[in-house]
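Please read the structure below before turning to the comments.
FYI, it's all coordinate maths here, none of it is from the lab. The structure displayed is predicted, hence computed values, not measured ones. Cβ sites come from the backbone with ideal geometry, for glycine too, and all protein chains shown count toward neighbours.
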Amino acid sequence: MEITSLFAPIAQSALFALIGYVAYLVLIPILFPVRRPPSKAPWNGGNFSRDYARGTGKPIPCKNPATGEYLGEAKAYTPVEVKSAHARAARAAEEWSKTTFTERRALLMDIHDWILDNQELIAQKSCKETGKTLAEASLGEVMTTLEKLRWLVAHGEPCLTPEYRGVPLLLWFTKSARVEWYPMGVIGIIVPWNYPFHNVMSHVATALFAGNGAVVKVSEWASSSAEWIEDVLRECLAKRGHNPDLVQILTGYGETGAALVKSGVDKILFIGSPQVGKLVMKGASENLTPVILELGGKDAFVVCDDADLDHCIDIAIRGAFINCGQNCISAERFLVQDGIYDEFLSRVLAKLKQTAQGASCEGKRCDFGAMTMPGQAAHVDALVKDAVSKGAKLLAGGKRVGKEGDHPTYYEPTILANIDLKMKIATEETFGPVMTVIRWKSEDELEKLTNSTPYGLGSSIFSRNYTKAERISKRIVTGMANINDFAIVPLIQSLPFGGVRDSGFGAFNGEEGLRGFSRRKAITTDRFGIRAAAPDWLQYPISSNAKTIVQHAMFMVYGRSILESAKGCMNMLKAVASAPPKPEKKD
């Protein structure tokens with residue numbers, strides 16, 4: 001019998017086992033690990049309408065940035081109305097905090113199903129609100145939110161169940177130790193305009209699963225869908241028998257956000273610029289409210305001379321121009337090694353010529369959409385002109401379509417070469433559709449270039465040599481790194497999302513995100529029912545040679561060798577034996 005015939009059944013069995021295991025990993029999260037419990041009686045007979053006004057302050061006009069279409073008007077919440085919104089959410093959170101993980105999963109499953117069934121509607125609304133393309137809305141708004149919900153349902157509970165910790169040898173037989181996580185109360189969430197659906201739904205879902213209520217302040221540049229999103233959440237909550245006031249979504253300007261920061265919420269998540277982030281910290285300090293800050297980025301996209309350019313080019317264009325570059329983890333600096341610098345530029349330019357820009361919501365085939373804010377388009381234009389005036393080579397784009405303050409306002413996908421650190425665009429966040437290409441030769445030079453900005457959010461490194469790519473990633477000071485890919489971290493919800501330096505601190509997503517929305521408590525209790533007490537010589541009144549006994553005990557427990565520990569033990573026993581008698585207790 002041939003040896004191969006002996007191993008064939010084993011190999012076949014191993015293959016089937018591997019396929020089964022992979023199928024298990026893939027299918028279980030899709031089907032969800034628990035059955036949905038039966039719904040309780042609907043809240044207030046299923047009526048989730050509000051008994052309060054949704055903001056009565058300054059009007060917020062809403063337009064489609066890609067077409068100029070008027071989308072309606074929202075109203076800003078006044079500081080008094082913000083306080084009322086917090087009070088409503090806090091009252092609802094008192095009951096919600098007592099719910100089981102099964103009940104919380106059931107709610108998130110309902111939200112998941114609604115999103116899955118209304119993908120087209122969500123994409124259309126997001127497209128009209130921000131000017132992005134329908135494809136970008138489907139990926140960035142729908143898919144990322146669905147993945148967040150699926151991860152929370154499948155993996156959220158273990159992150160918040162008690163976690164037992166080790167105890168020192170002296171206490172092992174008498175004490176056990178654990179950490180528990182409890183709901184905080186109400187989370188204040190302030191989000192930007194670039195992903196109006198995902199930014200709200202994703203963080204609200206985390207807050208809800210951790211047992212909290214949420215008050216969300218959306219950007220004045222993405223206000224037309226706020227009431228609609230709140231209604232979806234209110235309906236899902238009411239159908240499950242929960243108070244729909246648990247989630248409040250506020251529209252308004254800076255005054256509304258400032259009022260939320262000082263409203264007494266139990267924690268704040270802010271996503272935005274470093275400048276406003278500092279103001280949030282200052283306001284939060286008045287109540288010592290803890291904050292998570294996810295701020296700007298100036299992510300590096302490193303291309304080594306051994307990179308697979310066939311794989312890399314399309315990713316590079318996506319990294320620079322997805323959502324018109326209005327993405328905190330957009331690739332803003334393309335650091336290409338000298339040996340392939342010219343080829344990289346040539347291939348990127350050729351690929352870019354095949355793309356189109358326009359209003360996807362009108363049924364046009366578009367790869368890129370419009371800038372959401374006219375002021376942001378002006379900021380991008382100023383940075384491009386500054387770079388060109390200082391020697392940068394403009395290879396594509398570099399022009400605005402539309403006058404200052406007009407809609408539609410587009411900025412052409414732009415490529416700048418010969419970038420150096422004297423140019424503002426080399427270190428300042430662009431937040432627009434601009435690819436700046438920088439040449440590098442050595443890894444030491446690359447390290448200086450990548451870390452030359454105050455930001456530290458994410459990075460991408462492309463190389464066929466994984467050892468080299470890993471080495472480079474360790475030298476880049478960021479909170480996230482992708483090897484041979486771009487912006488994958490948001491799709492892997494088990495990973496924390498967050499940066500360092502001027503990109504903020506703290507993280508959302510993953511275990512860190514859930515625990516970041518929770519109140520931590522360290523707990524000790526008796527092990528085996530043994531109620532330990534201090535030894536007699538350490539009980540009051542303390543023995544006169546207690547200090548000597550403790551010093552010998554330290555050598556016994558923490559001695560640097562067995563001999564030293566044994567000597568400490570002997571000396572401690574002698575000290576205990578020679579301890580003078582304690583004075584008799586008086587009646």
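Set the bar at 21 Å for Cα to Cα. Now go through LYS547/LYS574; LYS148/LYS364; LYS448/LYS468; LYS75/LYS217; LYS547/LYS582 and name every pair that lies beyond it. Correct reply: LYS148/LYS364. For a paramagnetic label modelled on THR467 (point 7 Å from Cα along Cα→Cβ), amide N atoms under 20 Å away are absent within the range 324-343. Against the set [x] 1.02; [y] 1.18; [z] 1.25, the structure's computed Cα Rg over 2.2 N^0.38 Å falls on [y].
Applying a length cut-off of 15 Å (Cα extent along the axis) and a mean Kyte-Doolittle floor of 1.0 to the DSSP H helices of the chain leaves 3-31.
Quick one: dipole size for the chain, taken about the Cα centre, charges +1 on Lys/Arg Cβ and -1 on Asp/Glu Cβ, in debye to the nearest 20.
1820
Projecting the Cα atoms of THR355, PRO454, PRO79 onto the dipole axis of the chain, where Lys and Arg carry +1 and Asp and Glu carry -1 at the beta carbon, places PRO79 farthest toward the positive end. Between GLN275 and TYR164, the FRET efficiency estimated from the beta carbon spacing at R0 = 45 angstrom works out to 0.55.
Normalised by 2.2 N^0.38 Å, where N is the number of residues, the C-alpha radius of gyration of the range 299-492 stands at 0.98. Bridges between two residues of the chain, per DSSP, are antiparallel at a rate of about 40%. Considering helices alone, the calculated mean residue ellipticity of the chain at 222 nm is -13000 deg cm²/dmol, with DSSP H runs of length four and up weighted by -39500 (n - 2.57) and normalised per residue.
Exposure proxy ranking for LEU18, LEU146, LEU208, based on other Cβ atoms within 10 angstrom of each Cβ and starting from the fewest, stands as LEU18, LEU146, LEU208. Among SER84, SER219, the ranking by other beta carbons within 10 Å of each residue's beta carbon, starting with the fewest, stands as SER84, SER219.
Placing dummy labels 7 Å off each Cα toward the beta-carbon, the span from LYS351 to LEU394 is 2.4 nm.
Model label sites at LYS474 and LYS83, defined 7 Å from Cα along the beta-carbon direction, differ in position by 5.4 nm. Going from the residue with the fewest nearby Cβ atoms within 10 Å to the one with the most, THR430, THR78 rank THR78, THR430. Work out the charge dipole of the chain with +1 on the Cβ of Lys and Arg and -1 on the Cβ of Asp and Glu about the Cα centre, then indicate which of GLY339, PRO244, TRP193 is farthest towards its positive end. Result: PRO244. For the range 231-292 versus the range 156-199, the inter-centroid distance based on Cα atoms is 20 Å. Cβ-Cβ distance of GLU445 and LYS282, R₀ of 30 Å, FRET efficiency by 1/(1 + (r/R0)^6): the value works out to about 0.20.
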